[in-house]
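Reading through the structure tokens given below for one structure.
Every read-out reported here was derived from the displayed coordinates using simple, explicitly stated rules and does not represent laboratory data. Here the structure is a predicted model, which is why all the values come from computation and not from measurement. Neighbour counts run over all protein chains shown; Cβ positions are idealised from the backbone, glycine included.
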Amino acid sequence: MSTQINIQGAVGKLDAILQKPMLPPNHKCPIVILMHGLMMRKEFILLKKIADRLQMIGIASIRFDFNGHGQSEGEFQDMTVLSEIDDAKQVCEYAHSLDFVDSLSLLGHSQGGVVASMLAGEWGVSKIKSLVLMAPAAVFKDQAIEGSTLGYRFNPNDIPEYVSAYGRKIGKMYLKTAQELPIYETAANYQGDVCIIQGKKDDLVPYTYAERYAEIYKNCELHLLDNEVHLFGYDMDNAINIAVGFEDKVLLNNNKCFL
């Protein structure tokens, strides 16, 4: 079952899709919150396929557009990672309120992976059952400090009102907060099960950032895929199999092999 929903976010309504497996009366299931990257949206095929696969094995999901993205409210130029974390919190609170949900997990791609990692670190395992990071883009902090974003240069000590990239305006507050984000420090507080999936040929995020993530977690499996790129376009099904297999194992206590 797939339902279009709206959830109040940091700066306005968030457009979202709830997918729920068929459940017997009074039965509950896990739910996974799926988060897209910068300039992406909830219709990103990777997230859609993961949502469909999760539903098939008995796990619900919500995928949504962050503020300033897709069909959600808010201006892209005003978006920051902190406002996206606030969006994610509101979506999680909504998910926690659903009567069929028995646990909540996070899965994020690219910048959505950073959001997921920081939220999990802030809330902890009591609220977040598991965490999947797909090409988590912690590199954007180092780039902002150096004075670049998506290949476009700026003065890091005198940030302009916005930087134009791919036809969008990346705002000053996004870049300023990116320089100061305690990404790994916050993420390291999470004590639950973590799965990290990263391509060694990622054209936007060096896989060393995934390796650093893996070093801070106590219960982590790291999958470095030799030929994979940032959007997992080389063998997307393989990446999806790893992510869904991990959720099946951790959330449903199954050990099926999806590879």
Per the C-alpha gyration tensor (a ≥ b ≥ c, the square roots of its eigenvalues), the stretch 1-53 is rounded if a/c is under 1.5, else prolate if a/b beats b/c, else oblate; here it's oblate
Any residue on another chain or 5+ positions along whose placed amide H is under 5 Å from the amide H of Val101 is listed here as Cys29
With the dipole of the chain defined by +1 on each Lys or Arg Cβ and -1 on each Asp or Glu Cβ, the option from Ile57, Ser103, Ile145 whose Cα lies farthest towards the positive pole is Ile57
The answer for Gln8, listing residues at least 5 apart or on another chain whose modeled amide H is closer than 5 Å to its amide H, is Leu14
Longest the chain segment clear of chymotrypsin sites (Phe, Trp or Tyr not before Pro) sitting in DSSP loops (not H, G, I, E or B) with at most 14 other Cβ atoms within 10 Å runs 1-99
Under the rule rounded for a/c under 1.5, else prolate if a/b exceeds b/c, else oblate, using alpha carbon gyration tensor axes a ≥ b ≥ c, the stretch 160-228 is classed as oblate
Rounded to the nearest Å, the spacing of the alpha-carbon centers of the stretch 126-198 and the stretch 9-69 is 22
Quick calc, the stretch 1-69, dipole around Cα centre from Cβ unit charges on Lys, Arg (+) and Asp, Glu (-), nearest 20 debye, gives 120
If every Lys and Arg gets +1 and every Asp and Glu gets -1 at its Cβ, then about the Cα centre the chain yields a dipole, in debye to the nearest 20, of 400
Counting only DSSP beta bridges fully inside the stretch 105-251, the antiparallel percentage to nearest 5 is 30
Length-normalised contact order of the stretch 207-259, Cα under 8 Å, at least 6 apart, in percent, tallies to 20
Residues whose modelled amide H sits under 5 Å from the amide H of Lys200, counting only those 5 or more places away in sequence or on another chain, are Leu225, Asp226, Asn227, Glu228
For the chain, the charge dipole (Cβ of Lys, Arg +1; Cβ of Asp, Glu -1; about the Cα centre) points to a positive end, and the Cα of Gln77, Gln179, Pro30 closest to that extreme belongs to Pro30
Measuring from its Cα centre, the stretch 64-117 shows a charge dipole (+1 at each Lys and Arg Cβ, -1 at each Asp and Glu Cβ) which, in debye to the nearest 20, is 200
Given trypsin sites (Lys or Arg not before Pro), DSSP loops and at most 14 other Cβ atoms within 10 Å, the longest exposed-site-free stretch of the chain is 29-199
Filtered pair list for the stretch 72-229 (Lys only, Cα < 21 Å, 8 or more apart or interchain) has a length of 9
Quick note, the stretch 191-247: a/c under 1.5 would make it rounded; otherwise a/b > b/c is prolate and the rest oblate (a ≥ b ≥ c, C-alpha gyration tensor); here it is oblate
Bridge orientation stat for the chain from DSSP, antiparallel percent rounded to 5, came to 40
